[in-house]
Structures are given as C-alpha cells and as structure tokens.
1. Straight-line reach from LYS363: which lysines have Cα under 18 Å away, leaving out those fewer than 8 places along the same chain?
2. If you place +1 on the Cβ of every Lys and Arg, -1 on the Cβ of every Asp and Glu, and leave all else neutral, what size is the dipole of the chain about its Cα centre, to the nearest 20 Debye?
3. Probe 1.4 Å, all protein chains in place: accessible area of MET69 in Å², nearest 10?
4. Taking the Cα centre of the range 111-209 as origin, sum charge times position over the Cβ atoms of Lys and Arg (+1) and Asp and Glu (-1), and report the length of that vector in debye to the nearest 20.
5. If we count every other residue with Cβ under 11 angstrom of ALA70's Cβ, Lys/Arg +1 and Asp/Glu -1, where does the sum land?
6. Among rounded, prolate and oblate, which fits the range 151-207 when a ≥ b ≥ c are the square roots of the eigenvalues of its C-alpha gyration tensor, a/c under 1.5 means rounded, and a/b larger than b/c means prolate?
7. Multiply the residue separation of ASP137 and VAL235 by 0.36 nm, subtract the distance between their alpha-carbon atoms, and state the gained length in nm to one decimal.
8. Determine the per residue accessible area of the range 104-476 with all protein chains present and a 1.4 angstrom probe, expressed in square angstrom.
Amino acid sequence: MKRLLLVPLLWAGAAHSTPAEDYHLHCESCHGLNRIGATGPALLPESLGRIKPEEVRKVIEQGRPASQMAAFAPQLSAAQIDGLASFLQQPPASPATWDERDIRNSHRLLADVNQLPTTPQHHADPLNLFVVVESGDHHIDILDGNTFAVLDRFPTHFAVHGGPKFSPDGRFVYFASRDGWISQYDLHNLKLIAETRVGLNTRNLAVSKDGRWVLAGNYLPGNLVLLNARDLSLVKTLDTASRVSAVYTAPPRNSFIVALKDVNEVWELSYAAAQPSFEPRRIQAQDVLDDFSFSPDYRQLVATSRKAGGGQVIDLDTGQVVTDIPLSGMPHLGSGTYWQRNGQWVFATPNISKGQISVIDLKTWKLIKQIPTLGPGFFMRSHVNSRYVWSDVFFGPDNDAIHLIDKQTLEIAHTLRPMPGKTAAHVEFTRDGRYLLLSIWATDGALIVYDSQTLKEIKRLPMNKPSGKYNVGNKVEFAEGTSH
Ligand code: DHE
C-alpha cells in the first residue's frame, strides 16, 4: 500500500511541495523528526553554522561521498533544493529540545565492561598509544606509538570535535561529537563500551582526575551533563542559563572548570568529596569567556576576551581578574601552549585571524614577542624534550607550511612543507618526545611521522582528513606541550 502511495506523493512533491513537506518526505527518516538528527546528523541552524549555505545546497544536490547521504538532484527540482537549503538555516517550527528523559533513552551499552579483561589485550605500550581522529570519513584510528601500526579503526558519530579525554589509568577514552554523542572506548580491549547523547549541539567533555565522572558542555540546550564514567549513564544535568563554551578538568584542584559563553562567569565544580554535590562556585569574569588555558599550576586561567585587550587572567583561588593581556586576535580554543624559557614559564598562542603568534611571560603577563607567521594558525604543540614548538599555518595560500619555533630564541628555525598544496596541521609527540605525528588535513591526506631531532620523515600513513591526534601517556600525565 505504502509503495503505491509513493509515486503520487513524489510527483505531488515535485509540483507543489513546501520545503517542510520535502524535508518530511526525503530527509526525516535519516535526519530525524524536528531535524534533531538520527542516523544522519542534526540539521539545525546551530549544527549547520559552520557550513556555508552554498555547501549545504551542494550536499543536498550531489550527496556526500563515502557517506549515506545520497544526491537528491534526480528527485528534486533546483527550486526545491534552494527551498530546502534555506529551510534548514531557519529554526524548526517548534524549538528542538533534549531533556533528561531523552538522554536516558539514548544510552546504549555496547559491551559489558565488567566481563572484559582489565589488562591490555594487545602487545603495544598502553601509555604510548595514539588516538587519531579521521574527520573525512568520521573514523577513529588507534595507533601503536612505537611501531605506528594501526591496531583498530572504527566509525564514530558525526563530527567528533575537540580533544578526546582519558581515564587516569589510560584504559578508557571518551569522545564528543558535535551532534551531542559521547562515546566510551576501551583501549585495553579495543572495544566500544557505551554511548549516550547528551545534547543536540555539544562543545566538549572533561573527565575527573579520579576517573569517576564525565562532564559534557552543550550549546543546545545550554547546560552541563554529568555522566558516570564507568558506563556513561546519566547522573544529572545542570542548567547554565547560557551556552557552555568549554569544560576542563583541573587535576590539582579536584574540580571541573566551565567557561560560559553568554554570561560573564566561570564556574568551578568540585569533585573532591566522596559524594560531590556539583554545586557551582561562580567566579565573576570581566567578559564572557570563549575559552581559556590554565597556567602550569592550574591557579590561573588565561582566557580570551573580546572586550579586554584580547585576553584576561583570572585567579581561581581569589576569584579575581588579575589583569588584561595583549592578544591581538582570537585564538582557536585551547590552541596555545607553554614552556620554560631561561627558567621562566612562557605561554604562546596563535590566532585565527592574523598570521602572528603572541608569546607572553606567565609571571609578569607582559607580551614578550609577536612572531610573524605565513598565515593564521590553529594549533601549537611541543614536548618537554623538543627544542621546537610546532605551529601550523592553517589559513591562506601557505596553509601547507608548518613553522618550527625555537623555544629559547623565539625565532622561526625551520619552515617545513610536508605535502606542497595540502594543509599541514596539528602535531602530537610520542610519550618520550622522540617522534611526532603531523596531519595532512585533506581527503587524500596522511599522517606523517617525524623524528623530532633530525626532522626526518619516518613513516607516512594515508588517511582521510586526519585532524587531532592524542598520545595516551602525554594526556593522562597532562604533559607540558600538549593540550589538556
Ligand atoms: Fe575546535 C579543540 C572549539 C573550530 C578542530 N575546539 C577545540 C576545543 C574547543 C574548540 C572548545 C577544546 C576541546 C577540548 O580540549 O576538549 N573549534 C572550536 C570553536 O569554537 C571553533 C573555532 C568554531 C566551531 O565550529 O566550534 C572550532 N576546531 C574547529 C575547526 O574548524 C577544526 C579545525 C576542525 C573541526 O574538526 O571542526 C577544529 N578543535 C579541533 C581539534 C581540537 C579542537 C583538532 C583538539 C585539539 C587538541 O589538540 O586537543
């Protein structure tokens, strides 16, 4: 009966249908009722904000290679495709919601963690594994950090973004997708354990130092979601009355620190007690925080600020804004790094609108140097055993270049072009700092392994738009030079 109805409906669609009817007929089964996502990603303005309207139109018309998204040009007229593309940029008729019941209903246990061996079931060093995000086809690779062999490769939810976070012993890794899915993977058994959808548009997640809690921050709805780190079951949600820019753990403080996007506050949620209340301590900021980095002792936040001179420093003990700092443009969040120079800590960050890196003295908060680069960069990474900080040129005609900045002279010592014409970005070192992995951020891209002393290429693994890479040991030790 259904089949017989389809032909007249399609025909009717082509002649007179509205975009809402076209959505219902052609898109809803994959992208969900009210566009909140199902097997396909959410199609809400918040989720599409990063994609240009022409690109949205092109995807409807031509589909997306290597995905379930089919080309609709054979079924829809150009006017219908235009209509759908602009319909998707509008908020849905009834606001999209995601509450505790939705979170609980989405929770899936994929393996029984209590039945799995508690020691590594592979021969690689568990603290020198790498987790690599292949953003081109939404997969994760697990790499042996000694041999650079791929131990596992598995699909993820749509658009894993930001740093995956680890349990303190390095056994579990947790991922957040932009669509709100948190996934838990067991690195000892190379198995997915659980997943829960915590929101419709998620920023990132943090894991407590004691490994008991996972906290996720959302844009949509604006809230925090606390999960049990053992199996991702929901503990509770905390309304923030604001979008959450980012959440991090501050290990020496036994707390989570939360940056809010719509109110001038930073929240600290302590998890020190046996049964923490997670009652927020609200710290007044001078401006809304898009994001921040910690000082090496986790006492201060070095935060971005659109109003102050580009940055503000907040002391977490006193809750006071210490000073403004001169950052000439907005960095990508969590992109900076710090190291010791002549016995003093310095902090450096690129910015995403100007070809320049700001280096700041972490004691006096004075600008030491602006280093001109070949273009705006996204990520700076180093290792305590590396002489250089590696800083990419993500935007502009020189996006295939990567600068190696001498940590003592603050001069660009080398500029490499690993694959001319293709974006080179984001570096992560092995646990001992001897080698490093660099992404060639292209569909026909690669992961390149370099010797960090000789700068010789050791290995090249073809990959589909590899983005971030994360070394388990560096991450669980919160090592200098990498992201936290
Ligand atoms: Fe990111 C980290 C926010 C655009 C790739 N990005 C982060 C973090 C935040 C953030 C808050 C820190 C998460 C953590 O450590 O848990 N990113 C934002 C933005 O607000 C911004 C500018 C706009 C947006 O769309 O959200 C943005 N980010 C991008 C991209 O366009 C990138 C290049 C490609 C992508 O995958 O979307 C990108 N962001 C990354 C990566 C990290 C990241 C690879 C992790 C870096 C690390 O080493 O930890």
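1. Those lysines meeting the cut-off are LYS407.
2. For the chain, the charge dipole is close to 220 debye.
3. 50 Å²
4. My answer is approximately 380 debye.
5. 0
6. prolate
7. Here the answer is 32.1 nm.
8. For the range 104-476, the per-residue accessible area is 36 Å².
The values are calculated or read from the model by the stated rules, or taken from the named source; none is laboratory data. Quick caveat, the model's predicted, so the values are computed rather than measured. So basically every Cβ, Gly included, is an ideal-geometry build from the backbone, and we count neighbours across all protein chains shown. Just the protein is used for accessible areas: all its heavy atoms, side chains included, with ligands, DNA and RNA removed. Shrake-Rupley method; radii C 1.70, N 1.55, O 1.52, S 1.80 Å.
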